[in-house]
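Asker: Got a structure for you, written out below as structure tokens; questions coming shortly.
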Amino acid sequence: MNRQSKFWLAAAGAVAVTATALVLLFGVTFAPDFPSLYDGGPTIEASVAYVDYGRQECVLVLDVATGESQEVFCGDWLWLEGWDRDGHLRVQSDDGRDRVSVIDPDTGLVVATGDPPGKPPPYARGLSTSSDNGHATLTYRTVSSETTLIDVDGPRSYSFIDYGLAGDGTYAWVCDSEDRLLAVALDGSTGPWLVAEGIHEPAWRPAK
């Protein structure tokens with residue numbers, strides 16, 4: 001073993017010892033890891049719209065099948081209402097006019113404007129989450145069965161935030177407190193998979 005190999009081996013050992021010490025002394029744990037959807041996961045034909053809160057707030061659309069995102073609209077104080085029946089995005093902004101812009105995701109053009117929404121859409125029936133001191137679960141219930149789709153442990157602050165049905169209802173999605181978007185089969189046969197990072201409050205739509 002050469003000197004460089006010995007150095008990296010020693011460094012890795014030091015990191016492992018430090019992590020173990022933190023857990024034993026302070027109860028520090030790390031957020032759970034999930035395999036990438038794009039590293040052996042299923043192909044999910046769907047689009048996910050989300051807001052990127054960077055220097056300028058922008059709406060992006062993620063092609064879940066490929067993992068590629070495209071910027072479609074930017075503005076101030078944006079938040080998503082979701083997709084309409086025509087495959088357009090409804091985006092609300094607080095720009096002094098309190099309006100909803102209807103966006104064509106293919107061109108980024110505003111095709112219509114409307115009034116602010118009424119009641120927000122309810123969560124998908126049958127899905128529920130539980131977070132207790134870092135232990136987070138996602139459960140799917142039907143009339144005849146109950147399936148725990150995700151059951152993981154993380155830091156005390158770790159939790160599942162938003163959740164819903166992904167596209168055609170074959171998969172469920174959930175966002176965790178690390179702003180990671182996950183997907184899992186509703187029958188529990190595959191997943192959970194990491195779809196993307198830096199996403200919360202996504203709006204799913206099945207492929208056209």
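Asker: Sorted from fewest to most neighbouring beta carbons within 10 Å, what does the list W83, W173, W193 look like?
Answerer: W83, W193, W173
Asker: What ranking of R85, R90 emerges when the number of other C-beta atoms within 10 Å of each C-beta is taken as an exposure proxy, fewest first? Don't skip to the end; give the middle numbers.
Answerer: On the way: R85 5, R90 18.
Ordered by Cβ neighbours within 10 Å, fewest first: R85, R90.
Asker: Give me the net charge for the shell around L89: Cβ to Cβ below 11 angstrom, other residues only, Lys and Arg +1, Asp and Glu -1.
Answerer: On the way: positive: R90, R205; negative: E81, D84, D86, D104, D106.
Its environment carries a net charge of -3.
Asker: Using the Karplus equation 6.51 cos²θ - 1.76 cosθ + 1.60 (θ = phi - 60°), what ³J(HN,Hα) coupling, rounded to whole Hz, does each residue of segment 168-180 give in order, writing x for Gly and Pro?
Answerer: Rounded to whole hertz, the list is 7, x, 6, 10, 10, 10, 8, 10, 9, 6, 8, 6, 10.
Asker: Can you work out ³J(HN,Hα) from phi for every residue in segment 135-150, in order, using Karplus 6.51 cos²θ - 1.76 cosθ + 1.60 and θ = phi - 60°, giving whole Hz and x for Gly and Pro?
Answerer: 8, 10, 9, 10, 10, 10, 10, 10, 4, 10, 8, 9, 10, 7, 7, 9
Asker: Counting Lys and Arg as +1 and Asp and Glu as -1, what is the net charge of the other residues whose Cβ lies under 14 Å from the Cβ of G67? Before the final figure, lay out the partial values.
Answerer: Numbers: positive: R180; negative: D39, E45, D63, E68, E197.
My count for the surroundings of G67 gives -4.
Asker: Enter the mean projected area of the convex hull around the alpha-carbon atoms of segment 127-200, in nm², rounded to one decimal. Show your work: numbers first, answer last.
Answerer: Details: hull surface 18.7 nm².
If I average the Cα hull's projected area over directions, I get 4.7 nm².
FYI, it's all coordinate maths here, none of it is from the lab. Being a predicted model, the structure only gives us computed values, none of them experimental. For neighbour counting, all protein chains shown are included, and Cβ atoms are generated from backbone atoms with ideal geometry for every residue, glycine included.
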